[in-house]
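Asker: The following block contains the structure, expressed as structure tokens.
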Amino acid sequence: MKKLQRIIAFLCLEYPHKSEITKARLTKMVYLADWFSALLDGKQLTDIEWVFNHYGPYVDDVVDAAHSALGFKIEHQSTMYGTSKYVISYKGNVEELGLKEREKEILTAVIKKTKSMYFNEFVDYVYSTYPVKTKERYSTFNLVRLAEKYNMESANKARQ
């Protein structure tokens, strides 16, 4: 299993509200993990080149990775409003994923930060991140460079 698939599997297994792990939420949780990692460690967890499209940070890489690996299930369901959603799940064991402790810490931080957010609040949180606030739609995010800039600006503000 590739690293992105292991990250997705971890999120599917550890996120407490399984019916909320839709394609959009899962993709944005992976984005947040990459952003948190860039802020804290100067590198992304994945090698995804994030794009700020019409729906915020979104790429097909996450869903494609789930489609192409054993153990994942993508199930069509209806929301309480009658619209479609695709819920992603994973059958497996966290201990077998082979993630490093630091990777698990960052993924757990993303879960802890977002687990109590309804979808609209979650999306607002993602849209409030520095890359989304500072870049134009349809541009790509260099999260490591943006994290360096954000950290520098924050340090400068703290000194003032």
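Asker: Among Thr108, Thr46, which is the only one that is outside any helix (DSSP H, G or I) and either closer than 19 Å to Leu13 by Cα or of a type in the set (Phe, Trp, Tyr) (or both)? Before you say what the answer is, go through the steps one by one.
Answerer: Numbers: Thr108 fails: outside any helix (DSSP H, G or I).
Thr46 is the lone residue from the list that is outside any helix (DSSP H, G or I) and either closer than 19 Å to Leu13 by Cα or of a type in the set (Phe, Trp, Tyr) (or both).
Asker: Return only the number of the condition from (1) outside any loop (DSSP other than H, G, I, E, B); (2) under 21 Å from Leu4 (Cβ atoms); (3) modelled with pLDDT of 95 or more; (4) open to solvent by less than 100 Å² (accessible area, probe 1.4 Å) that Tyr125 does not satisfy.
Answerer: The single condition Tyr125 does not satisfy is (2).
Asker: Looking at (1) under 16 Å from the mean Cα position of the chain (by Cα); (2) within 25 Å of Lys135 (Cα to Cα), which is the one condition that is false for Gln5?
Answerer: That leaves (2) as the condition not met.
Asker: Mind checking which residues of the stretch 103-122 are among the small types (Gly, Ala, Ser) and surrounded by 14 or more Cβ atoms within 10 Å (Cβ to Cβ)?
Answerer: Narrowing the stretch 103-122 to residues among the small types (Gly, Ala, Ser): 109, 116.
Listed by number, the list holds a single entry, Ala109.
Asker: Which ones in the stretch 85-109 are touching a Gly at 6+ places or on another chain (Cβ under 7 Å) and either in contact (Cβ under 8 Å) with a residue 24 or more places away in the chain or hydrophobic (A, V, I, L, M, F, W, C) (or both)?
Answerer: Going residue by residue through the stretch 85-109, those that are touching a Gly at 6+ places or on another chain (Cβ under 7 Å) are 90-92.
Of everything in the stretch 85-109, those that are touching a Gly at 6+ places or on another chain (Cβ under 7 Å) and either in contact (Cβ under 8 Å) with a residue 24 or more places away in the chain or hydrophobic (A, V, I, L, M, F, W, C) (or both) turn out to be Tyr90, Gly92.
Asker: So, in the stretch 59-83, exactly how many residues are of a type in the set (S, T, N, Q) and either out of contact with any strand residue (DSSP E or B) (no Cβ under 8 Å at 6 or more places or on another chain) or open to solvent by 80 Å² or more (accessible area, probe 1.4 Å) (or both)?
Answerer: Filtering the stretch 59-83 for residues of a type in the set (S, T, N, Q) gives 68, 77-79, 83.
Okay, now just the ones that are also either out of contact with any strand residue (DSSP E or B) (no Cβ under 8 Å at 6 or more places or on another chain) or open to solvent by 80 Å² or more (accessible area, probe 1.4 Å) (or both), so 68, 83.
Of the residues in that region, 2 qualify.
The values are calculated or read from the model by the stated rules, or taken from the named source; none is laboratory data. Please read these numbers as outputs of a predicted model, since none were measured by experiment. Cβ coordinates were reconstructed from backbone atoms using ideal geometry, including for glycine residues, and neighbour counts include every protein chain displayed. Surface accessibility is based on the protein's heavy atoms, side chains included, excluding ligands, DNA and RNA. Shrake-Rupley method; radii C 1.70, N 1.55, O 1.52, S 1.80 Å.
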